[in-house]
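**Q** After the C-alpha cells below, expect a handful of questions from me.
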Amino acid sequence: MLAERIEKALNAQIKTEAESSQFYLAMASWAETHGLNGTAKFLYQHSDEERMHMLKLVKFVNERGGHAEVPALSQPPKDFESINNIFQTLLDHETKVTAEINKVVDICLQEKDYTTHNFMQWYVSEQIEEEALAREIMDKLKLIGADKGGLYLFDRDLSLIQPEAE
Ligand code: OFO
C-alpha cells in the first residue's frame, strides 16, 4: 500500500509527465507548420515518450493499491520564437522535471518506501539522457547559427533519431 504522501507525489508527477507530453506536442505542431518536418517528427516522438512516462506512473500507482488521478492540464504555448527557442525551452523544462523527480525520490527515502524509490530510478536515468540530448541539440544549434544550409541538415538529422525503446 502506498503512503498518502507518496501517492500524492506520484500523482503530481503524473501531471508533470502529461504536461510535458502536451508541451512537446505544441512544439511539434509549431515546427510542422514552419517547414521543420524533421524537428516535428522528433518532437511528436518525444511527446509520445512523455505519455509513456505518464502511463508507467499511472500503472504503478494503481498496482500498489493507490489511485492514479487523470489531471486537468494547463494550456501549452501556441507560438515559439524560433527553433532555438524551442530547444532552449525544452532543456529548461527538462531541468525542472529533473528537480521534481529528485523531490519524489527524496520523499521515498523520507517515507522509507524502497519499492517506489527503486521504481523512480528509471526516471532518474531517463532525465540524465533527456537533459544530455537537449544540451547536445542546443550545442549544434549554436554551431549552426544563422546558416540556413546547416539548419536544413540539422532538421533532416533530427528526423533520423529513432524513438526510444522502453
Ligand atoms: Fe518524462 O522525461 Fe521529459 O519530462
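**Q** Using only DSSP helix segments of four residues or longer, with each worth -39500 (n - 2.57), what per-residue ellipticity at 222 nm results for the chain after dividing by its residue count and rounding to 500?
**A** Using -39500 (n - 2.57) per qualifying helix, the result is -27000 deg cm²/dmol.
**Q** Then there is this: Given labels modelled 7 Å from the Cα in the Cβ direction, how far is it in nm from Gln75 to Asp157?
**A** So the two model labels end up 3.7 nm from each other.
**Q** What FRET efficiency would be calculated for the residue pair Ser29, Ala3, taking the C-beta separation as r and a Förster radius of 45 Å, to the nearest 0.05? Working shown, then result.
**A** Numbers: r = 39 Å, r/R0 = 0.87.
In this case the efficiency is close to 0.70.
**Q** To continue, here is another question. Name the shape class, rounded, prolate or oblate, that the alpha-carbon gyration tensor gives for the range 120-166, where a ≥ b ≥ c are the square roots of its eigenvalues, rounded holds for a/c under 1.5, and otherwise prolate holds if a/b is larger than b/c and oblate otherwise.
**A** Taking the square roots of the gyration eigenvalues as a ≥ b ≥ c, the range 120-166 is oblate.
**Q** Here is a further query. For each pair in Lys103/Lys140; Lys15/Lys112; Lys8/Lys96, compute the distance between the two Cα atoms and list the pairs where it is over 20 Å.
**A** Long pairs (Cα-Cα over 20 Å): Lys103/Lys140; Lys15/Lys112.
**Q** Heavy atoms only, probe 1.4 Å: what % of the accessible area of the chain goes to carbon and sulfur, would you let me know?
**A** Working: 5030 of 9250 Å².
With neighbouring chains kept in place, the figure for the chain is 54 percent.
**Q** Apply the Karplus curve 6.51 cos²θ - 1.76 cosθ + 1.60, θ = phi - 60°, to the phi angles in the range 57-68 and return the couplings in whole Hz, x for Gly and Pro.
**A** Computed from phi, the couplings for the range 57-68 are 5, 4, 5, 4, 4, 5, 5, 8, x, x, 10, 6 Hz.
**Q** Ordered by residue, what ³J(HN,Hα) values in Hz, to whole numbers, does the range 152-160 give under the Karplus form 6.51 cos²θ - 1.76 cosθ + 1.60, where θ = phi - 60° and Gly and Pro are x?
**A** 4, 5, 4, 5, 5, 4, 4, 5, 8
The values are calculated or read from the model by the stated rules, or taken from the named source; none is laboratory data. Every value quoted in this text rests on a predicted model; they were computed, and no experiment measured them. Cβ: placed from backbone, ideal geometry, glycine included. Neighbour counts: every protein chain shown. To get the accessible areas, we keep the full protein, side chains included, count just its heavy atoms, and leave off ligands, DNA and RNA. Shrake-Rupley method; radii C 1.70, N 1.55, O 1.52, S 1.80 Å.
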